[in-house]
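Undergrad: Attaching a single structure in structure tokens format; questions to follow.
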Amino acid sequence: MINVLMCGSALSVKGGMVSVVKNYLNYKNWGDIKVDYIPTHIEKNKYWLILYFGLKYLYIVFNAMIGKYQIVHLHTAERGSFYRKAFLVKILHHLRVKTIMHHHAAEFELFYASLSEDKKRYVNSILELVDMNIVLSKRLIPMIKEKAPKANVEVLYNAVNTYLKNPYNIQAKNILFLGRLGERKGVYDLLNVVQRLDSQIDMEYKFYLCGDGDINGVKKRVDELHIAHRIAYIGWIDGEMKKEILANTLINVLPSYYEGLPMTILETMAYGIPNISTNIASIPEVLHDGENAFLITPGDVELLALHIKQLVENDEMRRLFSEKSYRLISENFSLNYNIEQLKGIYVKLLQ
């Protein structure tokens, strides 16, 4: 039996990293691997967060000292998330417990560029000290290796639950934005596009802006652009509401400026929903422009508007994109496939 401890944000925190963790924790076929989870981060003020992390740190160290876990798998972003996990890496290395940093950061390069030379050297040393760095795609390997040439790096693409048949509804009327509401994900670009398209597409097409973040700022901008009649929903979704919206989604639009490999793209592709997104980070490894999706340069609102209009008007194009997206996810990004790869990484670490 291999005993693994995963650490990351509390499961109540919204976002893609927690979605990955929940998929792992809900998985039933781990075989001879036992996975426990201890959150090390909550969305509170910094004093509560320091106290919370301190208590979890003591608990993790105690269990490591008594030999409860052979591997600690740290789900990591940038900034404070990286420093908290680095603190754990150093003590766990001293206790001879194998560690994994699973990098989910969308803005790691921006974070790294903002550091002093001393702090960059510290980050580099942690990347080399950890037993394995997991990145979300081949394109992200240089993110680690250019900073820390001696670092061990493996690629593990994000994965999602898949379906026996393509559930896409070709006659759906909803256009979806599924992600944190704010500038990084490009939601304000999408609002400008909605205004452009208002007179060009039928009134039956409505936009769903689903996520947490700057909800009030988005609502204000909707009012300023006079497009409230086009916006059916603004806010977080999960559970049955999420399933219902996905079942009635025509297109998913995610015009991000910074990303890793967004879970929302994989989730919608698993539903056979055609995507329009940006040609950044790992996105082009799953969305192939003109084949199963459309890709734009971040900020190109003219091309974004054109592609939305194309997909709204062309049933055959949507059907083609849908089938190719569904097949790609079913064959290469299923949760079963992902976890078999992760099991292999665990075994490799202990050899």
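What follows draws every value from the coordinates through simple rules; no lab data is involved. The model shown is predicted, which means the values in this text are computed figures rather than measured ones. Note: ideal-geometry Cβ built from the backbone for every residue, glycine included; neighbour counts use all protein chains shown.
Undergrad: Taking 0.36 nm per intervening residue step and subtracting the Cα-Cα distance, what contour gain separates Tyr83 from Lys348 on full extension?
TA: 92.8 nm
Undergrad: Further question: If a helix is a whole DSSP H run, which ones in the chain reach 27 Å or further along their own axis (Cα) and hold a mean Kyte-Doolittle hydropathy of at least -1.0?
TA: Membrane-span-like by this criterion, though nothing is claimed about a membrane: 46-65.
Undergrad: Any idea which of Asn133, Val18, Gly182 is furthest toward the positive side of the dipole for the chain, if Lys and Arg beta-carbons carry +1 and Asp and Glu beta-carbons -1?
TA: Asn133
Undergrad: Continuing with the same structure: Which residue, Trp48, Trp236, Trp30, tops the fluctuation ranking in a GNM of the chain built on C-alpha contacts under 10 Å?
TA: Comparing Trp48, Trp236, Trp30 in the GNM, the peak value goes to Trp48.
Undergrad: State, to one decimal in nm, how far the label point of Asn161 lies from the label point of Glu323, with both points 7 Å from Cα in the Cβ direction.
TA: Distance between label points: 2.7 nm.
Undergrad: Just to check I understand the Karplus step: with θ = phi - 60° and J = 6.51 cos²θ - 1.76 cosθ + 1.60, what whole-Hz values come out for region 291-299, glycine and proline as x?
TA: 10, 10, 5, 10, 10, 10, 6, x, x
Undergrad: Using a Gaussian network model of the chain whose springs link C-alpha atoms within less than 10 Å, name the residue from Glu267, Glu313, Glu259 with the highest mean-square fluctuation.
TA: Glu313
Undergrad: Can you give the net charge of the other residues whose Cβ lies under 15 Å from the Cβ of Asn3, counting K and R as +1 and D and E as -1?
TA: +3
Undergrad: Rounded to a whole number of µm²/s, how large is the Stokes-Einstein D of region 174-332 at 20 °C and 1.002 mPa s, given Rh as the Kirkwood radius over C-alpha pairs?
TA: 139
Undergrad: Just to confirm a number: summing +1 for Lys and Arg and -1 for Asp and Glu over residues other than Ile345 whose beta-carbon lies under 14 angstrom from that of Ile345, what do you get?
TA: 0
Undergrad: Return Ile141, Ile175 ranked ascending by Cβ neighbour count within 10 Å, so the fewest neighbours appear first.
TA: Ile141, Ile175
Undergrad: Also: Binned at 20 Å from 0, what are the whole-percent values of the Cα-Cα distance distribution for the chain, short to long?
TA: Binned Cα distances yield the sequence 29, 55, 16, 0.
Undergrad: Report Rg (one decimal) and Dmax (nearest whole number) for region 280-333, counting Cα atoms only, units Å.
TA: 11.8, 34
Undergrad: For Arg79, Arg96, what ranking results if the residue with the fewest other Cβ atoms within 10 Å of its Cβ goes first?
TA: Arg96, Arg79
Undergrad: Of the cross-linked pairs Lys44/Lys343; Lys22/Lys219; Lys14/Lys120; Lys98/Lys119; Lys98/Lys145, which ones have a Cα-Cα span greater than 22 Å in the structure shown?
TA: Going by Cα-Cα distance, Lys44/Lys343; Lys22/Lys219; Lys14/Lys120; Lys98/Lys119 fall outside the 22 Å limit.
Undergrad: As a test of the formula, what do you get for the chain when each DSSP H run with n ≥ 4 contributes -39,500 (n - 2.57) and the sum is divided by the residue count, at 222 nm and rounded to the nearest 500 deg cm²/dmol?
TA: The per-residue figure over the chain is -14000 deg cm²/dmol.
Undergrad: Local charge sum around Ser334 (other residues, Cβ-Cβ under 13 Å, Lys/Arg +1, Asp/Glu -1)?
TA: Summing Lys and Arg as +1 and Asp and Glu as -1 gives -2.
Undergrad: To the nearest 20 debye, what is the magnitude of the charge dipole of region 174-332 about its Cα centre, counting +1 on the Cβ of each Lys and Arg and -1 on the Cβ of each Asp and Glu?
TA: 240
Undergrad: Sorted by average packing, counted as other Cβ atoms within 10 angstrom per residue and highest first, what order do 187-200, 271-284 take?
TA: Result, highest mean Cβ count within 10 Å first: 271-284, 187-200.
Undergrad: Here is a follow-up. Under a 10 Å cutoff between Cα atoms, tell me which one of Asn124, Asn63, Asn169 has the largest fluctuation in the Gaussian network model of the chain.
TA: For the chain, modelled as a Gaussian network with Cα springs under 10 Å, the answer is Asn63.
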